[in-house]
Amino acid sequence: MIRKSEAVPPSVWQNPLHFIAFGFGSGTIPFAPGTWGTLMAIPFYLLLRPLSPPMYLLWVFIFTVFCIWLCDRVSREIKIHDHPGMCLDEFPGFFITLFNAPHTWRWIICGFIVFRLFDIIKPWPIGTIDRSMKGGLGMVLDDVVAGIFSLIILHLLVWIA
């Protein structure tokens, strides 16, 4: 059951910035919005994959800064901090997870699973960041750290395989 504070604001369908912050609409799905947001990140990852590693990292950095600004702005406008449907923050975490990973569906799926596990379980310091940091930085930083942890695990799995 969705609580009133978690209802999708009508502005998601009226304001392009709100639509983007809600993961291009994927965050409006009433269950597991973070998972749907991460799934929505896959086509964008496929567009980024051909970039050289330095260009990929530069793009992810710029996009992360944009996400921090956008999530902060939209959360203030809808008057709900870190609305569950605001899932654009999953994108940079997922992009970090797949940095320099092998270009096969096997590793995209593996990266997806590892990232979702870290984002759901929120081991230290991810959970601490999620609970204690406010604003756009807090909303995005926990996913960035989950992405870094996932990147490490994914590359260990690649090395083992």
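The values are calculated or read from the model by the stated rules, or taken from the named source; none is laboratory data. Since this is a predicted model, take the numbers as computed values, not measurements. As a convention, Cβ positions derive from the backbone with ideal geometry for all residues, glycine included, and neighbour counts pool all protein chains shown.
Could you list, in sequence order, the residues of the range 65-91 that are surrounded by fewer than 22 Cβ atoms within 10 Å (Cβ to Cβ) and not in a loop (DSSP other than H, G, I, E, B)? Walk me through it before giving the result.
Taking the range 65-91 first, the residues surrounded by fewer than 22 Cβ atoms within 10 Å (Cβ to Cβ) are 65-66, 68-70, 72-73, 75-82, 84.
The answer is Val65, Phe66, Ile68, Trp69, Leu70, Asp72, Arg73, Ser75, Arg76, Glu77, Ile78.
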Reported set for the range 35-81 where residues are over 18 Å from Gly25 (Cβ atoms) and modelled with pLDDT under 95 is Lys79, His81
Scanning the range 129-149 for residues that are in a helix (DSSP H, G or I) and in contact with a Leu (Cβ under 8 Å, 6 or more places away or on another chain), the one surrounded by the most Cβ atoms within 10 Å (Cβ to Cβ) turns out to be Gly136
Test for Ser5: is it surrounded by fewer than 18 Cβ atoms within 10 Å (Cβ to Cβ), modelled with pLDDT under 95, of a type in the set (Gly, Ala, Ser) and not in a loop (DSSP other than H, G, I, E, B)
yes
Can you name the condition, by its number, that Ile126 falls short on among (1) loosely packed, with under 14 Cβ neighbours inside 10 Å; (2) free of Cβ contacts under 8 Å to residues at least 24 places away in the same chain?
(1)
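Which residues, counting only those in the range 92-123, are assigned to a loop (DSSP other than H, G, I, E, B) and either of a type in the set (Asp, Glu) or in contact (Cβ under 8 Å) with a residue 40 or more places away in the chain (or both)? Full working, then the answer.
If we filter the range 92-123 for residues that are assigned to a loop (DSSP other than H, G, I, E, B), which is where we start, we get 98-104, 122-123.
Listed by number, the residues that qualify are Leu98, Phe99, Asn100, Ala101, Pro102, His103.
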Within the range 109-123, residues within 15 Å of Pro43 (Cα to Cα) and surrounded by 13 or more Cβ atoms within 10 Å (Cβ to Cβ) come out as Gly111, Phe112
Of the residues in the range 92-108 that are polar (S, T, N, Q) and surrounded by fewer than 18 Cβ atoms within 10 Å (Cβ to Cβ), the one that is farthest from Leu48 (Cα to Cα) is Thr104
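Taking the condition more than 17 Å from Thr38 (Cα to Cα) and of a type in the set (Lys, Arg), does Lys122 pass? Break it down into steps so the answer makes sense when it comes.
Details: more than 17 Å from Thr38 (Cα to Cα): no; of a type in the set (Lys, Arg): yes.
Considered against the rule, which asks whether it is more than 17 Å from Thr38 (Cα to Cα) and of a type in the set (Lys, Arg), Lys122 comes out as no.
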All conditions in (1) under 22 Å from Val158 (Cα atoms); (2) of a type in the set (Gly, Ala, Ser); (3) in contact (Cβ under 8 Å) with a residue 40 or more places away in the chain are true of Ser52 except (3)
